[in-house]
Each structure stands twice: as structure tokens, then as C-alpha cells.
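Trainee: Structure in C-alpha cells, see below.
Any read-out appearing in this document is the output of simple, stated calculations on the displayed coordinates, not a laboratory observation. Computed from a predicted model, the values in this text were never measured in an experiment. We place every Cβ from the backbone using ideal geometry, glycine too, and count neighbours over all the protein chains shown.
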Amino acid sequence: MSNAPAEEIAAEEIDLTEANEIIDKYLTLPGNLMPVLQGIQDAYGFVPKPTIDLVAERLNVYPSQIYGVLTFYAQFHLKPRGKFIIRVCVGTACHVQGAERITETFFGRLGIGHAETTEDLRYTFEKVACLGACGMAPLAMVNDDTYGKMTVQKVDEIIETYNARPMK
Amino acid sequence: MVNLTIDGKQVAVEKDATIYDAAKACGIKIPILCHDKKLHPFGGCRMCLVEVEQMKGRLIPACTTPVTEGMIVQTTTDEIVKARKLVLELLLLKHPIDCPVCDAAGDCDLQNLTYEYKVNMNRFVDEKFNHEIDYENPLIERDMNRCIHCGKCARICDEIVSYGAYTFINRGIEAKMGTEFDGPLNCEFCGSCVSVCPVGALNSRPFKFKARWWALQKTKSVCSYCGTGCQLTLGSKDGKVLTTIYDENQGFHNGQLCTRGRFGYQFVNSDKRLTAPMIRKNGNLQEATWEEALAEVTSRLSAGKSDPASVAALATPRLTNEELYLFGKLFRGTVGTDNIDHSAGYAHEALTKGAVASFGVAASPAEIADVQKSNLLLVVKSDAYETHPVIGFEINLGVKRKGIALRIVSDKKGKLTRLPGAKTTVHAPGNEVALFNALCKSVIDQGLAAEGVAGLDALKAAVADATAEKAGVTAEEIAAIAKEFASAEKALIILPIGQGYPGHNAALANAAANLAILTGQYGKEGAGLLIMGEKNNSQGAVDMGIYPKGTGLNAAAIIDGCANGNIKTLFVAGENPVVSYPNRKKVEKALENVEFMVVSDLFLTETAAMADVVLPACSFAEKSGTFTSLGRRVQNVRKAIPAVGLAKSDFDILNALSQALGGARYNNQGEVFTEIAANVPAYKGLTQAGLKDEGAVYPVALSAKLVPAAAQASAPVAGKLTLVTGSALYHCGTMSRFGEGPMYVCPDAYAELNVADAAALKVAEGDQVTVTSGTGAVQVVAKVGKRVPQGVVFSPYHFGEGSVNTITDGSEVTYVTVAKK
Ligand code: SF4
Ligand code: SF4
Ligand code: SF4
Ligand code: FES
Ligand code: FES
């Protein structure tokens with residue numbers, strides 16, 4: 001496919017400099033769509049719509065196909081995500097140990113549901129199917145930190161801890 | 001060849017055939033849902049499962065499995081039937097059973113197979129889908145609840161249309177056929193996806209609830225828009241054309257159509273059609289009888305017989321060959337005037353003069369099938385796709401599937417530019433001849449000219465100072481194209497021509513032909529020059545001799561003659577000079593000045609509204625005859641419905657006039673074809689019956705000659721933009737304005753500007769702008785993008801409101817200013 005150079009695409013709405021740099025890096029490599037999208041996700045925290053249009057134009061891929069890829073892989077996000085991603089396991093072991101109550105408590109405390117993000121972009125909440133530490137069920141994770149043997153009280157402690165963390 | 005046995009039958013097929021192909025070849029039907037002969041195999045539905053003795057123990061899909069020597073295949077065992085039933089049960093699990101209100105009923109593969117396999121109960125239960133139905137556009141309804149995930153729509157939109165509107169989105173149970181951001185469909189609306197959808201998930205909205213599929217009368221005919229000559233099947237009922245029916249075995253294009261062909265047929269049943277003759281009385285057009293109207297015309301024409309130079313006639317190249325032939329015979333023979341033309345005087349010089357001078361025939365030396373047989377396509381103007389979309393599909397297919405190299409020389413970018421490996425050279429507007437001359441010079445300089453080409457010295461001298469710079473491109477680009485073109489095994493030049501393309505004239509045809517001749521790229525398959533006439537019968541009009549010969553006036557001179565009083569009687573059959581000829585004000589004044597003008601047309605066009613007598617004419621669906629496509633294929637047009645109101649075919653009108661004026665009289669149009677076959681050498685031996693469904697490509701005997709072509713120098717004018725006119729996406733002439741499809745895709749005139757120019761002028765997409773030239777000004781909507789280069793404005797010519805011919809005067813480039821209203 002004929003790949004367009006960077007200068008042809010003017011920035012719109014959001015700053016596309018970084019996205020352009022990522023595309024530049026992979027422009028001539030075959031199979032470049034996945035690494036480009038991953039790079040963009042890393043840089044922006046999600047895949048903003050203008051970057052999809054940019055990738056479509058510069059890599060000469062249909063926007064619909066990019067959207068197909070983005071909705072197929074769970075790793076991609078089309079909306080801004082919180083600084084702290086709270087994952088609560090609802091796999092079999094955790095379920096048996098009362099994961100339901102933990103998720104409900106988080107919903108109540110944060111005012112958001114599954115796969116949603118708080119307006120201040122501090123938290124995103126996700127239910128997940130088994131985090132692979134069933135021995136510590138019920139299990140929650142905040143970014144890379146693991147919290148085993150979760151209780152309602154621990155939910156409040158977690159929220160207090162991360163409320164205190166700076167956003168930048 | 002590979003030999004195998006299917007259901008006990010011995011079959012020999014090509015080695016790249018699949019089991020499905022092999023079975024089909026020997027008349028054994030294997031059911032399919034996700035397979036389509038035009039598309040890459042997908043193997044997703046499992047409907048085509050068969051048993052292969054050598055692979056015992058499992059059922060394998062026939063549509064994706066290649067044949068191997070000695071294969072023994074069973075296509076219907078108990079086990080296979082059971083498996084197919086299971087597939088159907090699973091499909092029906094989520095699928096709503098709304099056949100009674102589904103427009104696909106009767107034409108639905110799922111319904112038909114359910115019937116055939118007697119699936120009258122389901123062992124499984126599940127909730128039905130609950131997707132929202134997309135009613136956002138007037139042409140295509142998307143009901144994903146009925147979708148069986150066969151992927152055909154996505155494949156055709158990618159592989160053939162190259163638009164890529166669809167993809168599977170989400171995953172697992174949530175997966176569905178979706179669009180970008182799961183939004184409403186927003187595309188070219190060619191309807192290709194609707195045509196291949198095996199169920200009622202994609203529907204044509206104009207056809208919705210109009211008729212049950214089996215109640216339609218199906219008539220095979222030819223599309224009446226562009227010169228491609230796509231075959232189509234009209235579905236009609238109660239005297240109305242209600243839809244076009246997809247037939248994958250029809251035409252070189254396997255049933256593919258563009259938006260005009262697929263959704264543009266509504267002009268036939270438009271309530272704006274003229275239904276009775278009209279005569280101007282006290283300044284107003286009033287309904288009259290045919291007798292009155294024809295008597296009036298007859299008396300004018302017979303008066304003209306004594307002063308034939310005062311009579312002129314213009315015909316649209318949309319008429320049938322038979323009508324055009326009769327038109328020529330009436331005016332040239334009976335009335336005795338040579339002032340006849342078919343807008344050739346403005347647009348088709350490339351065919352009528354250029355091709356004759358270069359190749360000795362007034363036709364393309366190549367045919368449409370050559371597109372896919374070539375190794376390199378050199379396309380002039382990026383929008384060959386837009387003028388002749390189904391040829392665009394052929395180009396897409398060739399480039400994507402066969403790896404044919406694509407080179408584009410154009411004054412702007414277009415869709416072809418984005419095809420894999422395509423290279424576009426953007427030149428300054430109006431420099432096409434200079435560019436081809438530079439290419440010829442480069443071929444000579446690089447020592448790539450074929451041996452013993454006659455007239456080489458003269459050409460050398462003529463192109464001695466043809467430089468890349470003069471064409472506004474770089475020397476490297478010219479050298480590269482010249483080299484690739486000359487060294488390709490087979491290379492084909494594709495040249496669109498038409499009313500919107502001033503400068504695509506005889507000189508350009510000669511300049512392009514020179515490149516082909518110089519490099520030996522002609523007279524063999526996959527090579528040569530394809531001159532793409534704009535209208536459905538542009539080639540036929542040339543073949544029937546509808547252009548001035550000897551001292552006759554061409555279209556431009558006829559308009560001048562009207563203006564200066566030399567032409568007193570003007571007969572116009574289907575042309576619309578007011579909108580389509582350059583310099584609208586001048587044309588209007590000229591037509592006001594002519595003493596007597598008669599117009600036969602389907603609609604009260606801008607021109608017909610000025611006439612003294614208006615005759616209601618039939619559309620292509622209401623008559624039989626032949627059209628000749630740009631690839632010289634003569635094809636049968638068949639009557640599908642009776643005439644609307646009191647309309648008569650142009651054949652009947654011309655036949656009546658001819659008889660009244662003491663000329664020829666025919667019993668039917670077929671008699672005229674017999675006469676054509678006797679008098680027009682290329683049509684020798686053809687009969688209408690013999691053309692059958694596929695038509696016939698008439699041969700050409702080429703006598704190639706290098707004809708030096710002089711390039712016009714066009715220097716930019718300070719402070720002005722260069723106006724490029726042409727075809728809008730999916731319009732054709734001024735007739736498509738009466739079709740629902742084209743008017744949805746592109747309802748209004750517009751001016752397309754480069755983002756940089758737009759920013760400088762403070763113009764945003766959708767703003768009203770005034771485009772002003774030396775001859776006038778028009779108001780149109782602005783489009784902003786990167787397709788047009790800086791300094792250039794593109795505007796399509798089809799529209800009556802904001803018609804660009806108000807500001808063009810027929811010269812190759814027009815300099816304009818653009819200002820926000
Ligand atoms: S109508 Fe044509 S362009 Fe639009 S989605 Fe269907 S196939 Fe693609
Ligand atoms: S919409 Fe039709 S063509 Fe497209 S995947 Fe669904 S069933 Fe197949
Ligand atoms: S307009 Fe031309 S390309 Fe489109 S369907 Fe008709 S003949 Fe084919
Ligand atoms: S089920 Fe929760 S960690 Fe495995
Ligand atoms: S037709 Fe063969 S798998 Fe669908």
C-alpha cells in the first residue's frame with residue numbers, strides 16, 4: 001500500500017505529533033498496524049478518533065478495519081481511561097468468595113459501573129474473568145498492585161490511598 | 001487439468017479450481033451462503049460441506065478446498081444433509097423469522113435452503129438479536145438482526161469497490177458486521193453489498209415494500225448512464241421499473257453496477273417525466289396532441305428543405321443506434337443538412353478525430369476486457385473511477401488481485417490514487433498533451449522506442465522541446481513513467497472524455513496514442529488506448545456518423561449559427577445544451593434567438609423549457625434497440641415497460657417525421673438495425689437476435705500512425721485559481737439528476753478546494769462560495785480536502801443550479817476567483 005508521508009496530514013483537534021512519530025517509526029514495516037495502534041494507546045492512554053483517521057490515511061487502511069481491530073482486542077480502548085485502573089476479578093474462585101459484593105461496593109463508592117471512567121479521569125473500573133491468583137480470592141488490582149482477600153473495608157482503604165495520589 | 005469424480009461423475013477442471021467450482025462445472029449444485037464467485041473464498045458458513053473419500057472422517061468445505069488428482073467427492077450423503085441442517089438450525093437460532101415482511105423473501109438463500117432442507121423445527125432455543133436497524137440513508141437499510149456473518153458485504157466493498165465501509169466489529173457473541181465507529185453507513189452507495197447479501201440484512205430502500213421478488217417481471221437490458229455498458233436486469237411490475245436485479249452471471253462485470261445503474265433507475269418512473277406533447281402558444285408551452293405537434297415540426301422541417309443550411313440538429317448519445325441512424329438519415333438525407341452533431345463538437349473529438357488520425361478508426365483500439373489483461377495501466381485523470389465506476393471496479397480488481405501496476409497522471413488526486421502500489425503524478429491543469437509529449441520524448445531519449453516506427457523523425461522534431469517542466473512535473477517522474485510504460489509487457493492507457501473535460505480532445509488522443517505506438521503498446525491484448533466516451537451510446541453515435549461531415553457545422557458552430565441568425569430551425573433530441581455546453585449565457589441567448597426549436601426529451605429540461613415544441617420521449621426501459629459501449633460492444637436494450645403517458649420513442653418520432661417528409665419509413669426499429677448491419681462496415685454481419693444477451697464486440701483494423709500533437713501553453717494567472725471541471729462522483733450528464741441514488745450521493749453543485757487555499761480564503765467545508773470567471777459567476781457549496789492541489793478548484797458540470805458552464809467557455813483551463821458569500 002502507498003504510505004503517505006507525515007507532512008501531508010495536518011493536526012486536528014488533538015496534538016497528533018506523537019501519533020505521527022509512532023507512525024513514522026513503523027511506516028515501512030509490513031504488518032505495522034498493531035504496533036502503531038499499541039504505540040498510540042501507550043502514548044495517549046487510549047486510541048482517540050483523530051488518530052484512527054490519521055492511521056487510516058497514512059497507512060492506507062480503511063478506518064472501518066481499524067475499528068474492527070480495536071474492538072476485537074481487549075487491550076485497546078476507544079475512550080479516555082482513568083489514571084488508576086481498578087480491576088476486580090469475578091472468576092469462579094473470586095465469585096464464590098463474594099466478588100459480587102466487592103464490585104457493588106466499588107460501584108457505589110466511585111459512582112461508575114463496569115468499563116466506565118470517573119469524570120475526573122482518576123479511575124476506570126473493570127470486572128475481569130480470573131487474574132490468575134485464585135488463592136488470594138477475592139482479588140482486586142489497581143494498575144499493577146494486587147490486593148488479595150478483599151473486603152468492603154479494604155475497598156474504602158484502596159480508594160483513600162489512590163485519592164491521595166497525585167494525578168500528574 | 002485435474003481429474004476427479006463427483007457423485008460418480010468424471011470431471012476434468014483447471015488445477016486452481018475448488019471442489020465447488022468443479023461440481024458447478026458438471027451441473028452439480030452444492031449449496032453456498034458465504035461464497036461468491038467474484039470474491040476471495042472465505043469458508044465461514046459451512047453450508048457447502050462435502051465428503052472426500054481420501055479424507056474420510058470429516059466433512060470439508062467445497063468452496064475453499066482445491067481439487068486434487070483422483071479425488072472422489074460425495075455432495076449429498078445422509079451425514080452431509082444432517083450437517084447442513086445443523087448449520088441452518090444454528091443460523092436460524094438468532095435470526096428473526098420475519099420472511100413475511102422481508103424484501104429478500106423469494107431471493108433469500110437462507111429462506112430457500114431452509115425450504116430445501118426442510119428445517120421446520122429447531123432443537124435449540126436462544127434469544128434473537130436485538131440490534132438497532134440503520135435507516136439513516138434513503139438507499140440502503142441495514143438490519144443486522146438478519147445478518148448471517150457471511151462477510152460478503154465487507155469483502156465486496158473491499159475487494160471490488162475499494163471503499164471498505166464494513167468490517168466485523170466486536171468479538172464473540174457481540175460480533176457483528178459493522179462500520180467505522182459502528183455508525184450509520186456513509187459511503188458511495190453503489191449497492192454492491194446489497195446485491196451480494198444472501199439474506200435480507202441489507203436491503204434497497206427504494207424497493208422496500210414495492211413488490212414480492214417473484215412477482216417481478218425481469219428484463220435484461222443495458223444501463224443508460226455511462227459508456228461502460230453494464231448489463232442489468234430490470235425488475236418491473238404494473239408498468240413501473242421497481243428495482244434492478246443482481247445477476248452474477250451478467251456482463252463482463254458479473255452483475256456489478258454503480259450507484260447510477262443500481263439506484264438511478266428512478267428517473268424512468270419520475271413524476272417529472274413529460275407525458276404529452278407541448279406547443280408554445282402566446283409565449284407559454286401548452287399541451288397539444290401528437291398530430292398537432294408533429295404537423296408543426298413537419299411543416300418547419302419541410303420548409304427547411306429548401307434552405308438546408310438553416311436547419312441544424314443535435315442528438316444525445318443516449319439514443320439507441322437505430323434512433324441515431326434514423327436521425328442521421330432524416331437530417332442528412334431527407335432534410336439535406338450536414339449540420340448534425342451529438343455534443344461531439346464539444347467533447348468527443350478524441351474519438352471522432354483523434355482516434356481516426358492515430359489508429360485509422362473512430363473507436364478505441366482496446367476493449368474493456370483489456371483492463372484486466374494488462375500489466376500496467378496508465379490512467380489519465382484520477383477520476384476515471386468516477387466517470388466510469390464499473391471500469392473503476394475492473395481497475396481495482398486488476399490492481400489488487402493480479403498486481404497490475406497503476407500509474408495515474410492527473411490534475412488532482414482521486415480514489416484510484418489509494419490503490420496498492422498506485423503512483424500518481426499530479427500535473428498542472430490543462431497540461432495533459434504537454435505531459436504525453438514529454439513522455440514520448442523521454443521514451444526516445446532513453447532509447448526505448450520500438451523499432452521501425454513510421455513517422456518517428458517527425459515526432460522527434462515535434463517533441464524536441466517537450467520537457468517535464470512544461471507539463472508541471474519533474475523530469476524523474478516523466479523518465480520513470482516512460483520507462484515503466486515502455487518496458488511493461490502489456491501497457492494500456494485509459495483516457496476518459498466527455499462534456500466536463502475540456503482539453504480531452506483530438507490532440508490529447510493523438511498525444512496519448514503516440515506513446516502507445518512509439519512503444520509498441522497497441523494491437524495486442526492488454527495494450528493500447530481505451531477512450532472512454534461519457535454516455536451510454538457515445539460510441540454508437542460515432543459509429544452512426546452523428547457528427548458533421550464536409551462543410552457541416554459542429555455543435556459549437558451550430559450554437560453560434562443560432563446566435564447569428566444563420567440557423568433558423570433547430571431540432572434537439574435529448575441534448576441539454578443550456579446546462580451541459582460551455583458558456584451558459586451565450587447558449588441561452590443563441591437558443592432564444594433561433595426561430596424554431598423542437599426538443600424531444602424525457603423531462604422539461606432547461607433547454608426544453610425554451611423550445612417551441614416539446615415532444616415527450618421514452619426512456620431506455622420503454623424501448624428496444626442497441627447501444628454500443630466504449631469497448632465497441634454492441635448490446636441489446638430491451639423494452640421492460642410500456643411508454644409513460646403519451647410518450648413515444650425517438651424512433652417512433654423520427655420515423656413519423658421521416659415518413660411525413662417523404663423519407664424512409666420503417667415498420668420497426670429492428671429493420672433499421674438490419675440496414676445498419678448492411679451499411680456500417682464495423683456492424684457487418686450483426687443481427688439483433690444474434691447479439692443475444694452478451695452482445696458482440698466488433699473488430700477494428702488498425703493502421704497506426706504517429707501524429708504530432710501541439711501542446712497548449714497555459715501559464716498560471718496571478719491571484720487566480722485554475723478551474724478544473726469534470727464528473728462528480730456518480731453523476732452522468734444531466735440525466736442522473738432525476739435519479740434518487742445519484743441525488744442522494746451528490747445533490748448539489750460544489751467547488752472543491754485544497755485545504756491551504758481554503759484556509760487562505762477563510763472558507764470552510766459547506767460554506768457558500770461564489771466562483772467568478774471572465775464569463776460569469778456561480779454560487780456553489782465549498783468542499784475542502786486534499787484531493788485537489790493548491791491553486792486548483794474542481795467543480796462538476798451536471799447541475800442546472802450553480803451550473804459551472806456559466807463560468808467556462810470551453811477552453812482547457814478557466815481562471816477563477818473564489819470568495820465566500
Ligand atoms: S454501497 Fe457500495 S460502497 Fe457502500 S458499503 Fe455497500 S459496497 Fe461499500
Ligand atoms: S450483512 Fe449480509 S452480506 Fe454482510 S455479513 Fe451479513 S449476511 Fe453477509
Ligand atoms: S453508469 Fe456506467 S458504470 Fe454505472 S452501472 Fe451504468 S454503465 Fe455501469
Ligand atoms: S477466579 Fe479470581 S483470580 Fe482466578
Ligand atoms: S459456502 Fe463454503 S463455507 Fe460458506
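Trainee: For the range A:94-168 and the range B:176-240, what is the separation of their Cα centres, given in Å?
Mentor: Measuring centre to centre over Cα atoms gives 52 Å.
Trainee: At a threshold of 8 angstrom on Cα-Cα distance, excluding pairs fewer than six apart, so keeping six or more, what relative contact order does the range B:670-821 reach in percent?
Mentor: On the way: 247 pairs, mean separation 40.5, N = 152.
27 percent.
Trainee: What is the mean projected area of the alpha carbon convex hull for chain B, to one decimal in square nanometres? Intermediate values should be presented prior to the final figure.
Mentor: Values: hull surface 146.4 nm².
Convex hull of Cα atoms, orientation-averaged projection: 36.6 nm².
Trainee: Just add up the charged neighbours of residue B:763: K/R +1, D/E -1, any other residue whose Cβ is under 12 Å from the Cβ of residue B:763. Write out the running numbers ahead of the final one.
Mentor: Details: positive: B:762, B:783, B:820, B:821; negative: B:752, B:757, B:765, B:767.
Every neighbour counted, the sum reads 0.
Trainee: Over the alpha-carbon set of the range B:133-184, divide Rg by the Kirkwood Rh and report the Rg/Rh ratio to two decimals. Kindly include the intermediate steps, with their values, before the conclusion.
Mentor: Values: Rg = 10.9 Å, Rh = 11.6 Å.
The Rg/Rh ratio comes out at 0.94.
Trainee: Over all residues in B:412-424, what is the mean tally of Cβ atoms on other chains that come within 10 Å of each residue's Cβ? Walk me through the numbers on the way to the answer.
Mentor: On the way: counts 0, 0, 0, 0, 0, 2, 6, 3, 3, 2, 3, 1, 1.
Whole-number average of other-chain Cβ neighbours for B:412-424 is 2.
Trainee: Place a +1 charge on the Cβ of each Lys and Arg in chain A and a -1 charge on the Cβ of each Asp and Glu, then give the dipole magnitude about the Cα centre in debye, rounded to the nearest 20.
Mentor: Working: 15 positive and 22 negative charges, 154 e Å.
Using only the charged Cβ atoms, the result is roughly 740 debye.
Trainee: Could I ask something else about it? Are any of the pairs B:412/B:720; B:15/B:490; B:329/B:549 more than 19 Å apart by Cα-Cα distance, and if so, which?
Mentor: Details: B:412/B:720 17 Å; B:15/B:490 26 Å; B:329/B:549 13 Å.
From the list (B:412/B:720; B:15/B:490; B:329/B:549), the Cα-Cα distance tops 19 Å for B:15/B:490.
Trainee: Taking every DSSP beta bridge with both residues inside chain B, roughly what % is antiparallel (nearest 5)? Intermediate values should be presented prior to the final figure.
Mentor: Details: 58 of 105 bridges.
Once the DSSP bridges in chain B are tallied, antiparallel ones form about 55 percent.
Trainee: Could you tell me which of rounded, prolate or oblate describes the range B:404-526, using a ≥ b ≥ c as the square roots of the eigenvalues of the alpha-carbon gyration tensor, with rounded for a/c under 1.5 and, failing that, prolate when a/b is larger than b/c and oblate otherwise?
Mentor: Numbers: a/c = 1.41, a/b = 1.23, b/c = 1.15.
Cα axes put the range B:404-526 in the rounded bin.
Trainee: Given the pairs B:353/B:381; B:208/B:237; B:237/B:535; B:29/B:85, which are separated by over 25 angstrom at their Cα positions?
Mentor: Working: B:353/B:381 21 Å; B:208/B:237 14 Å; B:237/B:535 27 Å; B:29/B:85 16 Å.
Long pairs (Cα-Cα over 25 Å): B:237/B:535.
Trainee: Here's a follow-up. Which net charge results for the neighbourhood of residue B:777, defined as the other residues with beta-carbon distances under 14 angstrom from its beta-carbon, given Lys and Arg at +1 and Asp and Glu at -1?
Mentor: Working: positive: B:584, B:585, B:720, B:820, B:821; negative: B:801, B:809.
With Lys, Arg at +1 and Asp, Glu at -1, the net is +3.
Trainee: Now a separate question. Any idea how far the Cα center of the range B:309-383 sits from the one of the range B:444-492, in Å?
Mentor: The distance from the Cα centre of the range B:309-383 to that of the range B:444-492 comes to 28 Å.
Trainee: Further question on the same structure: Report the percentage of all Cα-Cα pairs in the range B:119-207 whose separation exceeds 20 Å, rounded to a whole percent. Intermediate results must be reported in sequence, preceding the final value.
Mentor: Details: 1275 of 3916 pairs.
Of the Cα pairs, 33 percent sit more than 20 Å apart.
Trainee: For the range B:274-423, restrict the atom set to alpha-carbon positions and state the Rg and Dmax in Å.
Mentor: Over the range B:274-423's Cα set, Rg and Dmax evaluate to 22.5, 65 Å.
Trainee: For the range B:339-480, just run the numbers: alpha carbon Rg, then divide by 2.2 N^0.38 Å, N being how many residues it has. Before the final figure, lay out each step's value.
Mentor: Numbers: Rg = 16.3 Å, N = 142, 2.2 N^0.38 = 14.5 Å.
Rounded to two decimals, the normalised Rg is 1.13.
Trainee: To continue, here is another question. Could you work out the helix-only [θ] at 222 nm for chain B, with each DSSP H run of four or more residues adding -39,500 (n - 2.57) and the total divided by the number of residues, to the nearest 500 deg cm²/dmol? Display every interim value, and only then the final one.
Mentor: Values: 27 runs with 223 residues, N = 821.
Estimated from H runs of four or more residues: -7500 deg cm²/dmol.
Trainee: Enumerate by residue number the trypsin sites (Lys or Arg not before Pro) in the range B:54-118 meeting two conditions: DSSP loop (anything except H, G, I, E, B), and at most 11 other Cβ atoms within 10 Å of the site's Cβ.
Mentor: Details: sites: B:56, B:58, B:82, B:84, B:85, B:94, B:118; in loops: B:56, B:58, B:118.
Passing both the DSSP loop test and the Cβ count: B:56, B:58, B:118.
Trainee: Could you work out how far helix B:650-660 tilts from the main Cα principal axis of chain B, as a 0 to 90 degree angle to the nearest 10?
Mentor: Result, in degrees: 40.
Trainee: Hey, if you drop one equal point scatterer on each alpha-carbon of the range B:96-253 and run the Debye formula without solvent, what base-10 log of I(q)/I(0) do you get at q = 0.14, 0.15 Å⁻¹?
Mentor: Relative scattering, expressed as log10 I(q)/I(0), comes to -0.78, -0.90.
Trainee: What does the helix-only formula give at 222 nm for chain A: each DSSP H stretch with n ≥ 4 adding -39500 (n - 2.57), the total divided by the residues, and the result rounded to the nearest 500 deg cm²/dmol?
Mentor: Working: 7 runs with 73 residues, N = 168.
When only DSSP H runs of four or more count, the value is -13000 deg cm²/dmol.
Trainee: Now for a different question. Pick out, in residue order, every one of the chymotrypsin sites (Phe, Trp or Tyr not before Pro) in the range B:207-266 that is DSSP loop and has at most 13 other C-beta atoms within 10 Å; say none if there are none. Mind dumping the intermediate values first?
Mentor: Numbers: sites: B:207, B:209, B:213, B:214, B:225, B:246, B:252, B:263, B:265; in loops: B:209, B:225, B:246, B:252.
In loop regions of the range B:207-266 (DSSP not H, G, I, E or B), the sparsely surrounded chymotrypsin sites (Phe, Trp or Tyr not before Pro) are B:209.
Trainee: Across chain B, where is the longest run that never hits GluC sites (Glu not before Pro) in a DSSP loop with at most 14 other C-beta atoms within 10 Å?
Mentor: Details: sites that count: B:14, B:69, B:127, B:132, B:136, B:248, B:451, B:489, B:525, B:595, B:694, B:765, B:801.
That would be B:249-450.
Trainee: Tell me, what is the percent relative contact order of chain B, built from C-alpha pairs under 8 Å that lie six or more residues apart?
Mentor: Values: 1920 pairs, mean separation 110.8, N = 821.
Relative contact order here is 13 percent.
Trainee: In angstroms, what radius of gyration and Dmax does the protein assembly as shown have, counting Cα atoms only?
Mentor: 31.9, 109
Trainee: Still on this structure: Using only Cα atoms, tell me the angle between helix B:555-564 and the longest principal axis of chain B; keep it within 0 to 90° and round to the nearest 10.
Mentor: Around 40 degrees separate the two axes.
Trainee: At what distance in angstrom do the alpha carbon centres of the range B:83-157 and the range B:724-794 lie from each other?
Mentor: Cα centres, the range B:83-157 to the range B:724-794: 41 Å.
Trainee: Just the Kirkwood number for chain A, please: inverse of mean 1/r across all distinct Cα pairs, in Å, one decimal. Each step should come with its number before you reach the end.
Mentor: Values: mean 1/r = 0.0565 Å⁻¹.
This gives a value of 17.7 Å.
Trainee: Residues of the range B:146-170 with the amide nitrogen closer than 14 Å to a label point 7 Å from the Cα of residue B:176, along Cα-to-Cβ, please.
Mentor: B:146-149, B:167-170
Trainee: Inside 10 Å of the C-beta atoms of A:67-74, what's the mean count of C-beta atoms belonging to other chains? All intermediate terms of the calculation are to be shown ahead of the outcome.
Mentor: Numbers: counts 9, 12, 2, 2, 11, 7, 1, 1.
The per-residue average across the peptide is 6.
Trainee: Give a quick list of trypsin sites (Lys or Arg not before Pro) in the range A:79-162 that DSSP marks as loop, anything other than H, G, I, E or B, with at most 12 other Cβ atoms within 10 Å. Could you put the intermediate results ahead of the total?
Mentor: On the way: sites: A:81, A:83, A:87, A:101, A:109, A:122, A:127, A:149, A:154; in loops: A:81, A:83, A:122, A:149.
In loop regions of the range A:79-162 (DSSP not H, G, I, E or B), the sparsely surrounded trypsin sites (Lys or Arg not before Pro) are A:149.
Trainee: Right, here's the next one. May I ask for the angle, rounded to the nearest 10°, between helix A:99-110 and the longest principal axis of chain A, with both axes built from Cα atoms and the value confined to 0 to 90°?
Mentor: Helix A:99-110 sits roughly 70 degrees off the main axis of chain A.
Trainee: Starting at 0 and stepping by 5 Å, how many percent of the alpha carbon pairs of the range B:173-316 end up in each bin?
Mentor: That works out to 2, 7, 12, 15, 13, 10, 10, 9, 8, 6, 4, 2, 1, 1, 0, 0, 0, in percent per bin.
Trainee: Lys and Arg at +1, Asp and Glu at -1: add these up for the other residues within a Cβ distance under 14 Å of residue B:382 and post the number.
Mentor: Numbers: positive: B:381, B:407, B:412, B:413, B:415, B:418, B:423, B:786, B:787; negative: B:383, B:386, B:411, B:432, B:752.
With Lys, Arg at +1 and Asp, Glu at -1, the neighbours total +4.
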